[in-house]
Protein chains: 2
Amino acid sequence: MATTIPLAQYIFSRLRQLNCYSIHGVPGDYTLRALDFLPASKIRWIGNANELCAGYAADGYARAAAVARFTTATGSRKALPPSVGALYTTYGVGELSAINAVAGSYAESTPVVHIVGTPSRKQWQTGACVHHSLSDGNLGVYAEMERRITCAQADLRCDDAQEAASIYDRVLGQCVRQSKPVYVNMPSDIVSSPVPAALLDRPLDLSIPANDAAEEDKVISTILARIQAAERPLIIADGLSYPFDFIAELNKIARVTSIPIMCYSAGKGVVDESLPSWRGPLTGPTELSTTSDLALLFGPLLSDTNTAAWSTIPDAGVSISFALDTVTIGDRIHKIRSKPLLEKLIDRLSSPQRSYSTPKQHTTNESARSPSPSSAISQDNFWARMSSWLKPHDTLLLANGTPLIGGRDMRLPTPTQVIASGIWCSIGQMLPAAQGVAAASRDLAIPGRTILFEGDGSFQVTCQSLSDIIWYRLDVTIFLVNNAGYAYERWLNGMDAEYNDVPGWRYADAARFFGAPDNSAEYPVLSRKVATWAELEDVLADEQIASDRGLKLIDIVMETDDVPSASRPGLKRAGEILRAS
Amino acid sequence: MATTIPLAQYIFSRLRQLNCYSIHGVPGDYTLRALDFLPASKIRWIGNANELCAGYAADGYARAAAVARFTTATGSRKALPPSVGALYTTYGVGELSAINAVAGSYAESTPVVHIVGTPSRKQWQTGACVHHSLSDGNLGVYAEMERRITCAQADLRCDDAQEAASIYDRVLGQCVRQSKPVYVNMPSDIVSSPVPAALLDRPLDLSIPANDAAEEDKVISTILARIQAAERPLIIADGLSYPFDFIAELNKIARVTSIPIMCYSAGKGVVDESLPSWRGPLTGPTELSTTSDLALLFGPLLSDTNTAAWSTIPDAGVSISFALDTVTIGDRIHKIRSKPLLEKLIDRLSSPQRSYSTPKQHTTNESARSPSPSSAISQDNFWARMSSWLKPHDTLLLANGTPLIGGRDMRLPTPTQVIASGIWCSIGQMLPAAQGVAAASRDLAIPGRTILFEGDGSFQVTCQSLSDIIWYRLDVTIFLVNNAGYAYERWLNGMDAEYNDVPGWRYADAARFFGAPDNSAEYPVLSRKVATWAELEDVLADEQIASDRGLKLIDIVMETDDVPSASRPGLKRAGEILRAS
């Protein structure tokens, strides 16, 4: 007799083959039984306080795991398999609570496997009035909803567990190939059904169809000719360069050609900012962006917030855009996988025939003068100061709001991974995402610190993630911009409106409230509140803050209406448009 | 010229006509402009920390407002209009974060108006790549998802604001008539378009088609005959008696006929428990429930959790079931609105021809002997003690888990509203719901205290609602059962499993952490942790705990594996079924 394992063990074990060693979630009766098979699967359970936090954490885990595959923006890389994040929730109430996070993974192309523990197959058949259903006998409502925000769905309501295993494997392949979340409906009564253990030795089919050689060659020739001819070319790095794994290629092209390079907000960290051709983030139209005769876009996510209300998007006529499985030249979309094309393109690139004399336009915020010790901490000074505090290999998470608009102007060491939302822009995402990044860092031995630049409004959305960080003893550093409200929104509308205020919490007490140990050598916790420049410098001088161990939460008081100066014209304009309608 | 008002002012003002004076939500750019019109609408904004909390709070508000229409279970009532709760979120990220709560309102028939601020009409037309979209140009994805958990949808993407107002009015009518949530898509650029102010004077059409008189009469005669003939009849009150407004009728029928009366868990509080015919909650099959020859079911919600795995549901052959717009006799469903039928039925009821000698089966938990002062607090003793602490007019919220199974056995004074989930059973629901109840109590001058029996696992899901309670200075009393995990789940599977543990928070510090004022006479805050019987009695003797003002949070330490004794056999059986599959 062949050795068998329970189906749930198979389901979980497969995740390890995709670089995923922890699964996030919240238990519920429909999931309890399967959870018993986690130890045998050697998958760590990270039980979150709620499912939204779990969903964001799984997304963060997947983003960190993806970048773990290369070690620097200069292109050397580990031979790791493609990676996913994983989420396990219960039917109805659980999966719906996580749905905002999963939809965000979809919008920003993060591969996350969302497994949902559902009623038994018999209950599905009879349309039983089970708890967490809508009481109308239609148990499939949530799966229908999830279908709209996942790229593939595995319905494991099979008579035969082995068939369920095959369905699951196919969907895992889609998750990796399309770099999008997938949905797995796992009925509670199939989880202990046996499948042959040997199935795990059958490699997952993650193969990608080869590009049409002739078309690929033609497109490469076109691109080379365009580069050759361009007088004012520009490279723009964007956020999907992370999941689509373009970072090495993009930096290599920039180095070889010396073409000036910029990034959209979500693409922060993609570019080696020590390159002489680095021109800084493209946060509003510049002379170069409006007059360039060739714009090479990598991993674009062309939302209003990511492109200064679309004002920084080059004309289609001059742009060549690299997405996962398309290359768009002008209006023509070529069904070509970008990554293999870029590898071949690099082989055929020659050093630049010309030097691009475009003036350096990058006004980094690190140049601000150091303020007096007793002065308040302004947005401009803060982000400038933090630029010089960062170290290579840090993973930075920029919460939506002022951290995103202040953080994108920081000068980064290489390599740095930045997690900044390009289109989803959901407040509350980044604290749980930081938990997921820290979990992945531990599982995959990713070097460097996990550093979150958080807002107070954001923190309040998903604050319980701090408890998850503490419970699992994860290493995270949090700088919390405490400006008593939604400062970003204030600039759009309602500068003094009550609806833009948030309650004043005692953030420096957060770690203790959420159960942090007192004076633990094993898991050191640093909590501080600072309101002046001297207090900030005092914290930054603390040797504990520089280390990559334990939890640090620095509550930084800033003015309610302060936003980085560079962002004010854009925010004002956006507010005018809003009020004009 | 006729006076005009902005459409958003119209939208919000209509809510006042439905007994709703506060709207819950979280701001976002697509909602900011409309929020400016709240003051003119005389609707209070309750800005929650996150949208899930806002959704649960709107549900709680609606439940409290519905019951505010009658003052006692003995039937005297205020002449208030039908009522709704209201929720306002932003496109995509906001609405999806609330979707679990809205689906819960749907499952448990709570009328909630969910307004979503969405992109401009032009952006909808062009399929613009706006933030919070999936980046694929299909902006309607979320509305499609919401369609599955709302009973009607108002799409306000009209050229003409007056048309938008009419569409909205029709959907409000559906919300009230069907007692289910509705969805309102309000594009951000239509909110200030003018509509005639006089439209607000046009009464909302909330009319309900009259029952077919002949059929109604026939059904009443059948019911009367069945009551007349029954030897072992039984009335079962269930949770939908609250939203369907059956409470007065049901108690009147019970009083006049002396038929023994019980309730399912979700129907707790519906029955006047001082009636001689009160037999207690029906938490498992009893001699009466299994041998009755007539079972009158009011507002049934026949889920597994509400009916001890369906074991307490009477045979169809003996049951007559009253839902919102159907009366089911045996297998025959009559399309009849129950409430007007019940009113006519009462007029034709005669006093009982016989006395129903069924022995009293109610073993209330209030009879337990008082334990020694130094002893730990057991589930059995705790719920018994709390029974005698309650007062008429209290609104009790029972969190899913041990509070629901312990609380349903409490002996209640009359009237008491109980909010206990019959099918949705989402942990984390009840703290935000308590916030909504407290807001409604203030707005509608509902007498009595808002008392939440919470679990620690539940509290962690939506803890930020405590901040909302504090920020808006709402009056809530919280008894938090601190047993370090999901005790209910432990009994189903994994008694000692790590996945059933939750981190230990310092709950008694919660109010301070979340910004409660120190020593405020205006908003008194009481936070205590108790682990022994003497400590519990000490808190209950505090005069502040008995008052209906301010916030009280009592952290009550109990054993991790303790559940009310009465529930153990059922939980064990459920666990066996789970593990057998």
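Among residues of the stretch B:439-452 being of a type in the set (Gly, Ala, Ser) and in contact with a helix residue (DSSP H, G or I) (Cβ under 7 Å, 6 or more places away or on another chain), the one that is surrounded by the fewest Cβ atoms within 10 Å (Cβ to Cβ) is B:Ser441.
May I ask you to list the residues in the stretch A:485-530 that are facing chain B (nearest Cβ under 7 Å), within 27 Å of the chain's Cα centre (by Cα), outside any loop (DSSP other than H, G, I, E, B) and of a type in the set (A, V, I, L, M, F, W, C)? A:Leu492, A:Ala510, listed by residue number.
Scanning the stretch A:503-512 for residues that are surrounded by fewer than 23 Cβ atoms within 10 Å (Cβ to Cβ) and not small (Gly, Ala, Ser) yields A:Pro503, A:Arg506, A:Asp509, A:Arg512.
Consider the stretch A:171-182 and keep the residues that are of a type in the set (A, V, I, L, M, F, W, C) and in contact with a strand residue (DSSP E or B) (Cβ under 8 Å, 6 or more places away or on another chain). The one that is farthest from the other protein chains (Cβ to nearest Cβ) is A:Leu172.
Residues in the stretch A:115-155 that are more than 21 Å from B:Cys151 (Cα to Cα) and either of a type in the set (S, T, N, Q) or outside the structural domain of A:Ile23 (by TED's automatic domain parsing) (or both): A:Thr118, A:Ser120, A:Gln123, A:Gln125, A:Thr126, A:Thr150, A:Gln153. Here A:Gly173 clears all of (1) under 19 Å from A:Ala98 (Cβ atoms); (2) part of a helix (DSSP H, G or I) except the condition numbered (1). Tell me, yes or no, whether the stretch B:266-283 has at least one residue that is within 14 Å of chain A (Cβ to nearest Cβ) and closer than 26 Å to A:Gly137 by Cβ. Yes, that holds for at least one residue.
Of the helices (runs of 4 or more DSSP H) entirely within the stretch B:383-480, those holding at least 3 residues that are within 11 Å of chain A (Cβ to nearest Cβ) occupy B:456-461, B:465-471. In summary, B:Arg473 fulfils each of the numbered conditions (1) closer than 30 Å to B:Ser374 by Cβ; (2) surrounded by fewer than 18 Cβ atoms within 10 Å (Cβ to Cβ) with the single exception of condition (1). Among the residues of the stretch A:6-17, none qualifies, meaning not one is within 18 Å of the chain's Cα centre (by Cα) and at pLDDT 95 or above. Give the number of residues within the stretch B:183-192 that are surrounded by fewer than 20 Cβ atoms within 10 Å (Cβ to Cβ) and either more than 11 Å from every other protein chain (Cβ to nearest Cβ) or of a type in the set (A, V, I, L, M, F, W, C) (or both). Matching residues across the stretch B:183-192 total 0. Scanning the stretch B:382-410 for residues that are surrounded by fewer than 20 Cβ atoms within 10 Å (Cβ to Cβ) and more than 18 Å from B:Ala434 (Cα to Cα) turns up B:Ser387, B:Ser388, B:Trp389. Only residues that are free of Cβ contacts under 8 Å to residues at least 60 places away in the same chain and away from chain A (no Cβ under 12 Å) were counted across the stretch B:13-42, and they come to 4.
Being crowded, with 20+ Cβ neighbours inside 10 Å, at pLDDT below 95, in contact with a helix residue (DSSP H, G or I) (Cβ under 9 Å, 6 or more places away or on another chain) and not β-branched (Val, Ile, Thr): is that true of B:Asp245 here? Considered against the rule, which asks whether it is crowded, with 20+ Cβ neighbours inside 10 Å, at pLDDT below 95, in contact with a helix residue (DSSP H, G or I) (Cβ under 9 Å, 6 or more places away or on another chain) and not β-branched (Val, Ile, Thr), B:Asp245 comes out as yes.
Of the residues making up the stretch B:100-129, those that are under 33 Å from the mean Cα position of the chain (by Cα) and either facing chain A (nearest Cβ under 8 Å) or not aliphatic (A, V, I, L, M) (or both) number 14.
Of all the criteria given as (1) without any contact (Cβ under 8 Å) to a residue 60 or more places away in the chain; (2) closer than 19 Å to B:Cys463 by Cα, the one not satisfied by B:Arg442 is (2).
Among residues of the stretch B:130-170 being touching a residue at least 40 places away in the same chain (Cβ under 8 Å) and closer than 22 Å to B:Ala66 by Cβ, the one that is farthest from the other protein chains (Cβ to nearest Cβ) is B:Asp169.
Of all residues in the stretch A:291-324, those satisfying the criterion of being free of Cβ contacts under 8 Å to residues at least 40 places away in the same chain, more than 12 Å from every other protein chain (Cβ to nearest Cβ) and under 25 Å from the mean Cα position of the chain (by Cα) are A:Ser311, A:Ser321. Remark: B:Ser527 matches the filter, which requires a residue to be surrounded by 14 or more Cβ atoms within 10 Å (Cβ to Cβ) and among the hydroxyl-bearing types (Ser, Thr, Tyr). Within the stretch B:43-57, the set of residues being outside any loop (DSSP other than H, G, I, E, B), within 19 Å of the chain's Cα centre (by Cα) and within 12 Å of chain A (Cβ to nearest Cβ) comprises B:Ile46, B:Glu51, B:Leu52, B:Cys53, B:Ala54, B:Gly55, B:Tyr56. Only a single criterion out of (1) in contact with a strand residue (DSSP E or B) (Cβ under 6 Å, 6 or more places away or on another chain); (2) more than 9 Å from chain A (Cβ to nearest Cβ); (3) at pLDDT below 95 is not satisfied by B:Gly85, namely (3).
The values are calculated or read from the model by the stated rules, or taken from the named source; none is laboratory data. The structure presented is a predicted model; accordingly, all values stated were derived computationally and were not measured. Glycine gets a Cβ as well: all are built from the backbone with ideal geometry, and neighbour counts include every protein chain shown.
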